[in-house]
1. With all distinct Cα pairs included, what does the Kirkwood hydrodynamic radius of region 157-240 come out to in Å, to one decimal, could you say?
2. Taking the Cα centre of region 1-149 as origin, work out the dipole magnitude from +1 charges on Lys and Arg Cβ and -1 charges on Asp and Glu Cβ, in debye rounded to 20.
3. Which value, in nm² and rounded to one decimal, describes the direction-averaged projected area of the C-alpha convex hull of region 58-169?
4. What is the P(r) of region 67-125, as percent of Cα-Cα pairs per 10 Å bin from 0?
5. Which listed residue (M134, V121, N206) has the Cα farthest towards the positive end of the charge dipole for region 108-259, taking +1 on Lys and Arg C-beta and -1 on Asp and Glu C-beta about the Cα centre?
6. Which of Q13, V83, L43 sits closest to the plus end of the dipole of region 6-124, meaning its Cα is farthest towards the positive end, when Lys and Arg get +1 and Asp and Glu get -1 on the C-beta?
7. Using θ = phi - 60° and the Karplus form 6.51 cos²θ - 1.76 cosθ + 1.60, what ³J(HN,Hα) does each residue of region 231-246 get, whole Hz, x for Gly and Pro?
8. I need the phi-derived Karplus couplings for region 25-33: 6.51 cos²θ - 1.76 cosθ + 1.60, θ = phi - 60°, integer Hz, Gly and Pro marked x.
Amino acid sequence: MKVPVMSELYANQERPDILFWVGCAGSFDQRAQKITKAFVSILNKVNVKYAILGKEEACTGDPARRAGNEFLFQMMAYQNIQVMNSYEIKKIVTACPHCFNILKNEYPQLGGSYEVIHHAVFLQQLIDEGKIKMKESGDFKGKRITYHDSCYLGRANNIYEAPRKVLEALDAELVEMKRCGSRGLCCGAGGAQMWKEEEKGSTRINYERTNQAMETGASVIASACPFCNTMLTDGVKNKEKEDSVQVLDIAELINASMQ
C-alpha cells in the first residue's frame, strides 16, 4: 500500500488534513497491521488527505508511564512532540485508545496540544457526512455482533456512542453483553498488563471477558482497540471457537461493508 509520509508531503509544501498515528501495535503486530490497512483503505476510498510519520513515529510512552517509568515516558513524549510541532501538526487520528488517551490528555502538559480523534469517532463523522456509503447486502448484514468497550475509550474518555453508531451502519443485530458501557469489564490488556504475567487467580481476565461476549450468541466480537483485539482473540482460541466467532475491529467491519 502506498501511504503518504509526512516528511515527503512537507518537502513538497503540502499539508495533510490529518496525521494518522499508527502506534506500535498497528505498526508491528501482524494482527493489528490488518486494522491499520483497513483504516488506510477507508481513508483512501473517501479521499481524506492524510499522512503518517513513518520512521519518525516513536512509541507514545504510554506502556512506560503505566508501568511506572516516568523518565522513559517523558523522553519518548518530548521526542514525538518535537517531531509533530516541527510539522505544525494540528489534527491527529489514531486507531489505538491507548495512544488516543495519552496524546489527548497527557501530552498537552509537555507542550503537545493537538486535536486528537479516535478512529471510532472519525468513522462515525464520515458516516454522518455521507462519505462512507454501505453496500446493499454487506458481509455482516443481519449477523449478530457484540461490542466490547475499551477502558481507555469508554471509562477514561466517555466514548460509548460512536463505535455503536458505526456498527449500526452495518445493518447487523447489535447485542450487548451484560457488562457493557461504563460497567464493561476490562479485557486485561490495560495498565501495561499486556507485557507482564498476570497475578494468580481462578481464571484469566481475558477468558472471563470472552465468555461474557460468547454468552450473547454473537458470531462477531467487535472492538476498537488493537490490544482488546489480541486479548479477545486469545480468549476465542482458548475456547477453540475460531471457526464460529470472529474478533474484528470496527474499521475492518466498515472497510469490508462499504462501497
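1. 13.8
2. Computed charge dipole of region 1-149: roughly 640 debye.
3. 8.5
4. Going out from 0 Å in 10 Å bins, region 67-125 shows 22, 53, 22, 3 percent.
5. Farthest towards the positive pole: N206.
6. L43
7. So the J values, rounded to whole Hz, are 5, 6, 4, 4, x, 5, 5, 4, 7, 6, 10, 4, 6, 10, 10, 9.
8. 4, x, 8, 10, 7, 4, 5, 5, 4
A short reminder: the numbers here are calculations on the coordinates, not readings from a lab. Fair warning: this is a prediction, and the values are worked out from it, not measured in the lab. Ideal geometry is used to build each Cβ from the backbone, glycine not excepted, and the neighbour counts take in all protein chains shown.
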